[in-house]
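The values are calculated or read from the model by the stated rules, or taken from the named source; none is laboratory data. None of the values given here were measured: they were computed from a predicted structure. Here the Cβ positions follow ideal geometry from the backbone for every residue, glycine too, while neighbour counts run over all protein chains shown.
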Amino acid sequence: MTLARSERFGALLLVLAAAIGLILANSAFADAARTAEEFTFGPAWIGLNLSVSYWVKDGLLAIFFFIAAIELRHELRHGELNSARKALVPSVAAVGGVIAPAVIFLLIARDQDLSQGWPIPTATDIAFALGVLALVGRGLPPQFRALLLAIAVIDDLIAILIIAAFFTTDLLPLPLLLAIPSVLLFGWVSYRYRKRNHNRGLIIAALILLGATTWVLVFLSGVHATVAGVALGLIMADATASRTRHAIEPWSNVIILPLFALIAALVPVPTVGIAQLSPAFWGVLVALPLGKLIGITAGGVIAMRLSTRGNRDAMMPVQDIIAVAALGGIGFTVSLLMNELAFESQTEVANEVTLAVILASVIAAIIGAILTTLRARHYRTMPVPIAD
């Protein structure tokens, strides 16, 4: 399980899974892969006879957001976001990293039919970004990783809010209202869990049942079902959440995220020329790496100056913020999900934008790796201060 918890290994699996998806979709096995993706199963009597693709994107990915919500809760209570002063820099940087890519996308993709794609380049992939950092970041101060993690966590929260606000269709209030007591009961049961409690098995079964019930109710309400994972992760008791995340995280790294990447990347390479590619393709390709670089850097520098009140010794070097911003341009998982939601009815555009997300994330990963390597080398060659 140690390897499954490795950030490096998780990032490599994501890239490998996406590559396999692209190869399958453009090979002699394309029809078989598409048939497997569209195979449906589940209880039709409650509207859950869903395709494999839906189960992965709405079901399994809710577990990923559940883990992200647990991490967000930890950061809010005990980590880099547990005070207004500490949260200022990553919060402003994350907001800047959402606004700048969205503006760049809308400037490039001006067509009204494409404008709904503006959220796609606003996301940062926690697993992928931290994986690249783990590969090349030896010697960096802990504040570097803490800033990247905090920005990515806040970014995920913003993404969740965007999904709930802009991609909710045909809202049904009754299932959503019923989901609220289910979430509250889940939280209450999580506080009953104790390491030496002889009823642990019963409590775990109750948590699973309540979690599944919440997911079904949120799905039936018309709100994107990943929001259920977020609500459950935020309300869970600290000790129970920590153990749960420890148990689930390897499965998320090894199965859930790679499976999502594989299915999301099952798209044919466009046969049109470069000039015929959708403006949405170019919007994402430019906005994700460049917009994140500009937005996170600008927001981070401004907030750093405000939070340190001109005290240069307390300020994080601008070069570090730029390297973090470059890594923040790795959108991948959440960007692919946003693409699925934004262009659900425009298959050709969605396919092109999927390729744009993959290419843009690779570009951001390369730029981020280079800048991070240079910063790590700088810190490794710095003289060690001698104590008096």
Can you say whether PRO268 is within 19 Å of ALA18 (Cβ to Cβ) and either of a type in the set (D, E, K, R) or assigned to a helix (DSSP H, G or I) (or both), as far as the supplied structure shows?
no
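For (1) in contact (Cβ under 8 Å) with a residue 40 or more places away in the chain; (2) part of a helix (DSSP H, G or I); (3) closer than 24 Å to VAL223 by Cα; (4) in contact with a helix residue (DSSP H, G or I) (Cβ under 9 Å, 6 or more places away or on another chain), each residue gets a yes or a no:
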position	(1), (2), (3), (4)
LEU306	yes, yes, no, yes
MET316	yes, no, no, yes
ASP320	yes, yes, no, yes
VAL324	yes, yes, no, yes
VAL334	yes, yes, yes, yes
LEU337	yes, yes, yes, yes
GLU352	yes, yes, no, yes
THR372	yes, yes, no, yes
I'm trying to understand the selection: among the residues of region 105-134, which are buried (at least 17 other Cβ atoms within 10 Å of the Cβ), under 16 Å from ALA326 (Cα atoms) and among the hydrophobic types (A, V, I, L, M, F, W, C)?
ALA123, ILE126, ALA127, PHE128, ALA129, LEU130, VAL132, LEU133
Note on region 18-53: residues free of Cβ contacts under 8 Å to residues at least 12 places away in the same chain, out of contact with any strand residue (DSSP E or B) (no Cβ under 8 Å at 6 or more places or on another chain) and not hydrophobic (A, V, I, L, M, F, W, C) are SER27, ASP31, THR35, PRO43
Could you check region 138-161 and list, in sequence order, the residues that are in contact (Cβ under 8 Å) with a residue 24 or more places away in the chain, surrounded by fewer than 23 Cβ atoms within 10 Å (Cβ to Cβ) and at negative phi?
ARG138, LEU140, PRO141, GLN143, ALA146, LEU149, LEU157, ILE158, ILE160
Kindly indicate the residue of region 162-173 that is part of a helix (DSSP H, G or I), out of contact with any His (no Cβ under 9 Å at 6 or more places or on another chain) and surrounded by 12 or more Cβ atoms within 10 Å (Cβ to Cβ) and also modelled with the highest pLDDT among those meeting that condition.
ILE162
Does PHE144 qualify as being under 27 Å from GLY10 (Cβ atoms), assigned to a helix (DSSP H, G or I) and in contact with an Asp or Glu (Cβ under 8 Å, 6 or more places away or on another chain)?
yes
When you scan region 136-152, do you find a residue that is more than 23 Å from the chain's Cα centre (by Cα), at pLDDT 90 or above and of a type in the set (Gly, Ala, Ser), even just one?
no
Return the residue satisfying two criteria in turn: it lies in region 174-226 and is charged (D, E, K, R) and either more than 18 Å from ILE248 (Cβ to Cβ) or surrounded by 14 or more Cβ atoms within 10 Å (Cβ to Cβ) (or both), and of such residues it is modelled with the lowest pLDDT.
ARG196
Checking MET236 against (1) assigned by TED's automatic domain parsing to the domain that holds VAL349; (2) surrounded by 21 or more Cβ atoms within 10 Å (Cβ to Cβ); (3) more than 21 Å from ILE158 (Cα to Cα), which single condition isn't satisfied?
(3)
Could you check how many residues of region 54-84 are closer than 16 Å to ILE158 by Cα and touching a residue at least 40 places away in the same chain (Cβ under 8 Å)?
13
Before we move on, is ALA342 buried (at least 17 other Cβ atoms within 10 Å of the Cβ) and either at pLDDT 90 or above or more than 22 Å from LEU266 (Cα to Cα) (or both)?
no
Given the criterion assigned by TED's automatic domain parsing to the domain that holds ILE162 and under 23 Å from the mean Cα position of the chain (by Cα), identify the matching residue among SER27, SER51.
SER51
Going through region 278-292 in order, the residues found to be part of a helix (DSSP H, G or I) and crowded, with 24+ Cβ neighbours inside 10 Å are ALA280, PHE281, GLY283, VAL284, ALA287, LEU288, PRO289, GLY291, LYS292
Of everything in region 30-66, what is more than 18 Å from VAL254 (Cβ to Cβ), among the small types (Gly, Ala, Ser) and surrounded by 18 or more Cβ atoms within 10 Å (Cβ to Cβ)? Give them in sequence order.
ALA33, SER53
Condition broken by LEU232, with the remaining ones in (1) under 24 Å from ARG192 (Cα atoms); (2) outside any helix (DSSP H, G or I) satisfied:
(2)
Qualifying residue in region 58-65 (condition: in contact with a strand residue (DSSP E or B) (Cβ under 9 Å, 6 or more places away or on another chain), closer than 24 Å to VAL218 by Cβ and outside the structural domain of VAL183 (by TED's automatic domain parsing))
yes
